[in-house]
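**Student:** Let me begin by handing over the structure; questions about it come next.
The values are calculated or read from the model by the stated rules, or taken from the named source; none is laboratory data. Just so it is clear, the model here is predicted, and its values are computed rather than measured. Glycine gets a Cβ as well: all are built from the backbone with ideal geometry, and neighbour counts include every protein chain shown. Protein only, heavy atoms only, side chains kept; ligands, DNA and RNA dropped before computing areas. Shrake-Rupley method; radii C 1.70, N 1.55, O 1.52, S 1.80 Å.
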Amino acid sequence: MENRILGLHHITAIADSAKKNVDFYTKVLGLRLLKKTVNFDDPGTYHLYYGDERGSAGTILTFFPYEGARRGSAGTGMATNIGYSVPEGSFDFWINRFEKHNVIYNKPSEKFGEQYLTFLDPDGLKLELVIPKNQDNRVAWETDEVNASVATKGFHSVTLTLRDIKGTAAVLTDVLGYTLLEKSGNRYRYITDAVEHAAIIDLVELPNEARGIGGAGTNHHIAFRVKDEETLMHFQEKVRRAGLGLQITEKIDRNYFYSLYFREPGGVLFEIATDNPGFGIDEPWDKLGSSLLLPPQYEPRRAEIEAVLPNLD
């Protein structure tokens, strides 16, 4: 297990209204709000984290909500679909819930022998609930309305839409240790055996599709998981030596993990992020997400920042 990518760590997307985002993901979808902090590059904007009880890697969905942001357009060169694992027999619950809360959804369908239910968040971000072939034994976060028998368990997969998959596939297999599991039409499923869950990347090849335009309702980047900083730096060197012309950043401290970033040949921004130090470093586990936490460099500006951030209550 040394020096391996351990599936997905987190996925980050862009939203419009922070309050609508919190209400949807905590009250409708039933995720836990893990952290209320700010964008490192724009402290007047929230960075919101959602996941399971302790923010386990492979369950973490994060958002930059820009109030009044234009609606983006999904297309090539970006992640276009986030898949969540759910228990067998839960679709009736979710369909009823989506109808109750006026959530746009499609009827269940199937790919690679797995049933899935596609739906949109308030900004049009495309997600799906998937009943995996192999039982997902991860412990779900429960709410009063979404119990463990139907709750999301964490990521099942993420889909990248590309004009040409060759360069992206080379990064997945030669650098990140994924293998091609199966193919259906223009969809290619890659998987790692380093972990049981959050292990799947689907590549969809659409040579004539327009490039995606970033904005509310689109994904910003996907992050792959590694155990620690030593492994992180191993992958920094591996990316540099891959012979694919990739440019990777220096190590960046994101408070709750350490990161490297590079853009893969198809245009999707990839991040590699560590398990350490985790989300318990600045709040008790039972209080996660209950207060605004600022990176140290912005703490002297707390009053100014709090004055411009929108109210989430």
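**Student:** When the residues of segment 282-299 are narrowed to those that are part of a helix (DSSP H, G or I) and more than 22 Å from residue 45 (Cβ to Cβ), which ends up least open to solvent (accessible area, probe 1.4 Å)?
**Tutor:** The extreme case among them is 285.
**Student:** Further question: Please determine whether any residue of segment 45-63 is touching a Pro at 6+ places or on another chain (Cβ under 7 Å), surrounded by 22 or more Cβ atoms within 10 Å (Cβ to Cβ) and of a type in the set (Phe, Trp, Tyr).
**Tutor:** yes
**Student:** Right, here's the next one. Could you tell me which numbered condition residue 126 fails, if it satisfies all but one of (1) farther than 13 Å from residue 82 by Cβ; (2) touching a residue at least 40 places away in the same chain (Cβ under 8 Å); (3) open to solvent by 30 Å² or more (accessible area, probe 1.4 Å)?
**Tutor:** Tallying (1) farther than 13 Å from residue 82 by Cβ; (2) touching a residue at least 40 places away in the same chain (Cβ under 8 Å); (3) open to solvent by 30 Å² or more (accessible area, probe 1.4 Å), residue 126 fails exactly one: (1).
**Student:** So the check is Cβ under 7 Å with 6+ separation or different chains; which pairs have a first residue in segment 232-243 that's under 12 Å from residue 171 (Cα atoms) and a second one that's open to solvent by 70 Å² or more (accessible area, probe 1.4 Å)?
**Tutor:** 242/174
**Student:** Follow-up question, since we're still on this one. Which one of these is open to solvent by less than 20 Å² (accessible area, probe 1.4 Å), in contact (Cβ under 8 Å) with a residue 60 or more places away in the chain and either among the acidic types (Asp, Glu) or not in a loop (DSSP other than H, G, I, E, B) (or both): 279, 270, 262?
**Tutor:** 270
**Student:** If you don't mind, another one. Within the group 138, 163, which residue is under 19 Å from residue 221 (Cα atoms) and at pLDDT 95 or above?
**Tutor:** None of the other options fit; the residue is 163.
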